[in-house]
Amino acid sequence: MVVAEVRVELKKGVADPEGKNTLKALELLGFEGIKNVKSVKVFEIEMDGSSKDVGKKVDDMCRKLIANPVIHDYSVTLK
């Protein structure tokens with residue numbers, strides 16, 4: 001079994017209201033020195049097959065469903 005970790009984040013320049021709201025809330029709670037907060041999604045996908053085959057399939061999944069290529073960048077790490 002191969003485990004693929006997919007990290008999806010917004011492209012540079014795309015608004016991240018969740019990250020901004022989290023930053024604001026942390027500052028209101030008294031946390032200081034925070035420069036930025038950005039939201040990131042991580043998916044862990046377990047599949048049977050070789051690393052090469054799983055890598056190709058997961059990349060296809062990302063392009064078709066998991067990430068929106070207009071606003072997201074993604075990376076796949078096989079474990």
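Throughout, read-outs are computed from the coordinates displayed, never taken from laboratory work. It should be emphasised that the depicted structure is a prediction, and the values quoted were computed from it without experimental measurement. Don't worry about glycine lacking a Cβ; one is built from the backbone with ideal geometry, like all the others, and counts go over all protein chains shown.
Values as computed for the structure displayed
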| read-out | value |
| --- | --- |
| The chain, relative contact order [Cα under 8 Å, separation at least 6], % | 54 percent |
| Where Cα atoms sit under 23 Å apart: lysine pairs in the stretch 2-78 separated by 8 or more or lying on different chains | 25 |
| Candidates per GluC sites (Glu not before Pro) in the stretch 1-63, loop by DSSP, up to 11 other Cβ within 10 Å | Glu32 |
| Residue (of Leu28, Ile71, Val40) at the positive-pole extreme of the stretch 2-78, dipole from beta-carbon charges | Ile71 |
